[in-house]
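Heads up: the structure comes next, in structure tokens.
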Amino acid sequence: MALSVSRRVLRCFGSLSASFRASHDSHGVASGNVLFPPKGGSSLVSCRRLSTTILTPDSSDGTFPSDLLSKKSVLTPERSIGLHQDLVIPVTNFLSEDKGLMVLAGDVFDVPIRKDIIHRVVRWQLAKRQQGTHSTKTISEVSGTGRKPWRQKGTGRARHGTLRGPQFRGGAIMHGPKPRSHAIKLNKKVRRLGLKIALTARAAEGKASLFLSLPLILLGYCINEQLLVFEDLEIPTHKTKHIVNCYKQMESTKKVLLVDGGPINEKLKLATQNLHYVNVLPSIGLNVYSILLHDTLVMSRDAVNKIVERMHTPINR
């Protein structure tokens, strides 16, 4: 009984593979282990096999469509923001050289956008950075005599007891500002969430110009070209014209924020100090307000790793 059942199963598989090859020769296009069935071939969807090879424009197999193997960028469908999906972004440098790809953590660069959190963090930043050294003099601090200017009655004028009052020129200021702190309280987790939202907003602004090469489309990756990641921020010279030439290559860019992982390179500091539209920050100083002031964010690979590590560090209470 078991032998007859196994023979029957083998015959079924043999007829299925024969029909699979026949429909492939008449309709489908195959390359290696990858099958591209026709639009109407719904019965072949379940038999489709995935390729484990890497397809490049230099592939020698002529059966694969050449238009799909071209180096021309292909527009990808718009992705939904805030799903905590990891993003794949190309890595380059100041010389526009290809340095591979980098994966951005979805829990840092793809969180739900909340304008109220951004407003609270920006308000906290601007309030905290106020010096609060404003001061005015009260009636006891104003320099002047304490003598009564004229007698109480009989002159026809208003009665006064001092010339240091607020109604006289050079007198005191009533209810004026005194040195104080303008800082307001904001929880650490809210500040951290604000930075994640700002990074997500910068990464999501390029969703209309998301382009993928074919191998990455097959892998389901999403590349963003708005947020730039450099291998490092090393420049060959301290000349300002080098940064200006790199700036001119960035399309639709008004202000650029360069973020490095560690201390700022001295050459980079000298090359950017005379450019009002290019600012440099270490990763420890990256904040929401600075990100919002610049329309393009350029980060080194080390800066991305340190920021992700900082976002994953438990909050000390």
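The values are calculated or read from the model by the stated rules, or taken from the named source; none is laboratory data. All of these numbers come straight from a predicted model, not from anything done at the bench. Every residue, glycine among them, receives a Cβ derived from its backbone with ideal geometry; neighbour counts consider all protein chains shown. Note: accessible area is taken over every heavy atom of the protein model, side chains too, but ligands, DNA and RNA are not part of it. Shrake-Rupley method; radii C 1.70, N 1.55, O 1.52, S 1.80 Å.
The table below lists the values:
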| item | result |
| --- | --- |
| Only one of 94, 109 that is touching a Cys at 6+ places or on another chain (Cβ under 7 Å) and surrounded by 15 or more Cβ atoms within 10 Å (Cβ to Cβ) | 94 |
| All positions within the range 158-187 that are loosely packed, with under 10 Cβ neighbours inside 10 Å and either of a type in the set (Ser, Thr, Tyr) or more than 56 Å from the chain's Cα centre (by Cα) (or both) | 158 |
| Verdict on residue 196 being out of contact with any Leu (no Cβ under 6 Å at 6 or more places or on another chain), open to solvent by 70 Å² or more (accessible area, probe 1.4 Å) and not acidic (Asp, Glu) | no |
| Per-region count, the range 259-317, residues closer than 15 Å to residue 228 by Cβ, open to solvent by 40 Å² or more (accessible area, probe 1.4 Å) and of a type in the set (Val, Ile, Thr) | 0 |
| Selection count, the range 229-247, where residues are in a loop (DSSP other than H, G, I, E, B) and either among the β-branched types (Val, Ile, Thr) or surrounded by 15 or more Cβ atoms within 10 Å (Cβ to Cβ) (or both) | 6 |
| Evaluation of residue 123 against (1) among the charged types (D, E, K, R); (2) assigned to a loop (DSSP other than H, G, I, E, B); (3) within 30 Å of residue 304 (Cα to Cα) (one fails), failing number | (2) |
